[in-house]
C-alpha cells in the first residue's frame, strides 16, 4: 500500500504535469510566451471552490466549470495579448497574473488572504473518494488530454500553431488566420490550467491567493523549459523532476526558486532545447542506444 | 477586367509618405516588373497588396472585388501568394511541412476541418508534386534553415504556389544569388507564367527584368514615374534621372 505522503506527492506532480502541459500549448506549440499562467490555475481553483462551497454544486460539475471559466477568461485576456509580441507579451501576461492574484487577495467575496476552505474530495458511490482513487482519476483525465494533444499536433491546427511560432507574418501570407489560432491556443491552455486548478482545490481542501502568484507561474514555466519546450513529454518530465526535487530534501524546498533559477540559467546556456528538446543530449543518447548509431559529433 | 487593379494607392507611416497615388493594373499570365531605387516604396506596395499594412487611401481590386480591408490570411486564400525580400521560410520545419502549411488554407477556415490530421495520402501527393516542380525533391525532409539560399527562395515559391494563386508577388527573387542560381529560378518563374498565373516582380537586376517583363512600372520616392515596355523605360529621361541623378 502506498503511503499517504507519497500519494500527496504523486497527485501534486500530476497536477503540475497538467499545468506544464497546458502552458506548453500556449508557449511551446503556438510560441506565445506567458509569464502569468498561474492566474488561470487560480481562476480554475477559485471557480471550483466557490461553486462547491457557496453554490453547493458537486465536484463533477464544479471542476468542469473551472475549465470553462478559465477558458473564457483566457479568451478575453488572450485578446489584448494578440496585439503584443515577445517581451511585451511577457510583461502583459505578468501584469495579468498580479491583477488576478490581487483580486483574490483584496475582494472579500473571494475570502481575502484567508482563502477558501472546506472544499472536499469528490464523492462517488455514496462515499468520499479515497486518495488512490483520486490519483487514478486525475491520471486518467491527464492521459486523455495527452491523447487529445497528440491528435492536435497531427492536425492542421498543430500545423497552424507551428507556422505562427516560426514566423507570424509568413504564416498569415500562407492563409493561416493568426488571430484565430492564437486565441484557440490561449483558450485551450487556460482551460486545462483551470481544470488542474479544480483538481488542486478539491485535493488541498483549502486555497489561498498566494498559491497562484507570479512565483507559481515561474515554477510552471521552469518545468516546461527544463523538460523541453514544445515537445510533448518534455514538460511532463520537467514537472516530475522539479516536482520531486523539493520533496527529496527540505533545503531544496527552502531554496526552491533559487535552484530553479540556477537550473534555468544552466539549461539556457548548455541545453536551450531542454532535456527532451530535439537537439539535446538525452534524445541523442536514447537514439544511439536504440539504433546503435553514433550521434553527430 | 484586370486581374489586379491598384488605384491611387497611398500609405503614410506617421507623416512619412511611403507611397503616393500609385495606380497600375496586372493581367493574367503576364509578368509586370516593378523597379525603382532603394526606398522607392516597392516592398511597401507588396505589403499593402498582401494586407500586412492597411493603405491610407486608394483602392485595390482583385478579380473584381475590393481587397482593401482584408487581412493577410484572407487575401492569400483569395489567391495572392507572395515571397519575401529577406527569405522567411518556417526555419525549423522541413520542406514538406513548409508546403503543407500553405496547403492548409483550405482547412483553416473551419475549426472542424482543421482538427483533421494533415498527413493524408492525397494531400501528400500534392505536396510532393509541388516540391518536384520547384526542384526541391532532394531536400524534401531537410529543415528549411539548412537549405542554401537559392533553395530557400524556391521553397518560398513552392509554398506560395500551394495556395493555388492567381497572382504571385515576388520580392527580389534573384537578390543574393549566383548567376546560375538566378537563371534557374527565372526558369521556374517562366513555368509559373505558362499556367496563366499573373506575376508582380520586384527586381534590382536589370538584366532579369528586361528579359522577363514585357511591361515595367517604375517607382521613385513613393510615386509612379513611368510605365511601359523595357525599351521605353530604358530611354525614359525621368527613370535615368531617378537612378543616376540629375545632370548638373
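The values are calculated or read from the model by the stated rules, or taken from the named source; none is laboratory data. Bear in mind that the values here come from a model prediction, so they are computed numbers and not experimental data. Glycine gets a Cβ as well: all are built from the backbone with ideal geometry, and neighbour counts include every protein chain shown.
I'm trying to understand the selection: among the residues of the range A:144-161, which are at the interface with chain B (Cβ under 7 Å from one of its Cβ atoms), touching a residue at least 24 places away in the same chain (Cβ under 8 Å) and surrounded by fewer than 24 Cβ atoms within 10 Å (Cβ to Cβ)?
Selection gives nothing.
Kindly establish whether residue A:79 is within 30 Å of residue A:163 (Cβ to Cβ), at pLDDT below 95 and either out of contact with any helix residue (DSSP H, G or I) (no Cβ under 6 Å at 6 or more places or on another chain) or surrounded by fewer than 20 Cβ atoms within 10 Å (Cβ to Cβ) (or both). Criteria met by residue A:79. Of the candidates B:47, B:38, the single residue that is on the phi < 0 side of the Ramachandran plot and surrounded by fewer than 16 Cβ atoms within 10 Å (Cβ to Cβ) is B:38. Would you point out which residue out of A:119, A:187 is closer than 24 Å to residue A:70 by Cα and outside any helix (DSSP H, G or I)? Of the residues listed, the single one that is closer than 24 Å to residue A:70 by Cα and outside any helix (DSSP H, G or I) is A:119.
Tallying residues that are out of contact with any strand residue (DSSP E or B) (no Cβ under 8 Å at 6 or more places or on another chain) and either within 8 Å of chain A (Cβ to nearest Cβ) or more than 22 Å from residue A:166 (Cβ to Cβ) (or both) within the range B:112-137 yields 12. Out of everything in the range B:92-102 that is assigned to a helix (DSSP H, G or I) and at the interface with chain A (Cβ under 9 Å from one of its Cβ atoms), what residue ends up being surrounded by the most Cβ atoms within 10 Å (Cβ to Cβ)? Top of the filtered list is B:98. Checking each residue of the range A:236-248 against the condition of being part of a helix (DSSP H, G or I) and more than 19 Å from the chain's Cα centre (by Cα) gives at least one match. With respect to the conditions (1) within 30 Å of residue B:71 (Cβ to Cβ); (2) surrounded by fewer than 13 Cβ atoms within 10 Å (Cβ to Cβ); (3) within 14 Å of chain B (Cβ to nearest Cβ), residue A:87 lacks only one, and its number is (3).
Looking only at the range B:68-91, filter to residues that are more than 7 Å from chain A (Cβ to nearest Cβ) and outside any loop (DSSP other than H, G, I, E, B); which one of those is surrounded by the fewest Cβ atoms within 10 Å (Cβ to Cβ)? Taking the candidates together, the pick is B:74.
Within the range A:164-181, work out how many residues are crowded, with 23+ Cβ neighbours inside 10 Å, in contact with a helix residue (DSSP H, G or I) (Cβ under 6 Å, 6 or more places away or on another chain) and either more than 7 Å from every other protein chain (Cβ to nearest Cβ) or in a helix (DSSP H, G or I) (or both). Residues in the range A:164-181 being crowded, with 23+ Cβ neighbours inside 10 Å, in contact with a helix residue (DSSP H, G or I) (Cβ under 6 Å, 6 or more places away or on another chain) and either more than 7 Å from every other protein chain (Cβ to nearest Cβ) or in a helix (DSSP H, G or I) (or both): 5 in total.
Going by the structure shown, is residue B:34 under 13 Å from the mean Cα position of the chain (by Cα), more than 14 Å from chain A (Cβ to nearest Cβ), in a strand (DSSP E or B) and at pLDDT 95 or above? Reasoning before the result, please.
On the way: under 13 Å from the mean Cα position of the chain (by Cα): yes; more than 14 Å from chain A (Cβ to nearest Cβ): yes; in a strand (DSSP E or B): yes; at pLDDT 95 or above: yes.
So residue B:34 passes the test.
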